[in-house]
Amino acid sequence: MTKFSKVLHTARTRTTGGRERGISRSSDGYLDVRLATAGSDRIGTNPEHLFAAAWSACFETGVVLAAERRKISLPANITIDAEVDLNSGPTGHFLSARLYVALPGVDRVIAQSLIEEAHITCPYSKATRGNLEVEIRLIE
């Protein structure tokens, strides 16, 4: 962190039990989830679900802020579908991701430029840049 940065929010969680049989809770009590390995009989989510939800929410905010900077009105029904894969390869486990962005009623060229700007400014996009394979696609 640079000396000019300002912390806007700190998320604090505690996880016990790992991805197979874990529980994650936030210090403020707003997050309280059971964890389970994907495909298991245990009721619970997995880290990939949580990451996909967080990234898609942040990315949508990036699109909205890009539109506001350009004074472009956006429809209320923006959607971001996120897919995060947990992969296994010769060097171990790694992630890959796809974001599918729908901006109904927005000109395709403008929509694509908003998506590109959001990918530059979104903190999750910044954190993953160069670290995992990412595909971002504008959909109808």
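The values are calculated or read from the model by the stated rules, or taken from the named source; none is laboratory data. Since the structure is predicted, the reported quantities are computational estimates derived from the model, not experimental observations. All Cβ positions, even for glycine, are placed from backbone atoms using ideal geometry, and neighbour counts span all protein chains on display. These accessible areas exclude ligands, DNA and RNA; they are computed on the full protein's heavy atoms, side chains included. Shrake-Rupley method; radii C 1.70, N 1.55, O 1.52, S 1.80 Å.
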Note to self: Looking for something closer than 25 Å to Thr37 by Cα, open to solvent by 60 Å² or more (accessible area, probe 1.4 Å) and acidic (Asp, Glu) - is there at least one such residue anywhere in segment 68-78?
What the structure shows: no
Checked segment 101-123 for anything open to solvent by 50 Å² or more (accessible area, probe 1.4 Å), on the phi < 0 side of the Ramachandran plot and touching a Pro at 6+ places or on another chain (Cβ under 8 Å); matches are Pro104
Q) Somewhere in segment 55-66, is a residue touching a strand residue (DSSP E or B) at 6+ places or on another chain (Cβ under 7 Å), at pLDDT below 95, crowded, with 17+ Cβ neighbours inside 10 Å and polar (S, T, N, Q)? A) no
Those residues of segment 91-115 which are part of a strand (DSSP E or B) and touching a strand residue (DSSP E or B) at 6+ places or on another chain (Cβ under 9 Å) amount to His93, Phe94, Leu95, Ser96, Ala97, Arg98, Leu99, Tyr100, Val101, Ala102
The condition from (1) under 25 Å from Thr15 (Cα atoms); (2) touching a residue at least 24 places away in the same chain (Cβ under 8 Å); (3) surrounded by 13 or more Cβ atoms within 10 Å (Cβ to Cβ) that Ala38 misses is numbered (3)
Restricted to segment 1-31 and to residues being open to solvent by 90 Å² or more (accessible area, probe 1.4 Å) and of a type in the set (Lys, Arg), the residue farthest from the chain's Cα centre (by Cα) is Lys3
Checked Ser88, Ser56, Ser73, Ser40 against criteria (part of a strand (DSSP E or B) and of a type in the set (Ser, Thr, Tyr)); the one match is Ser88
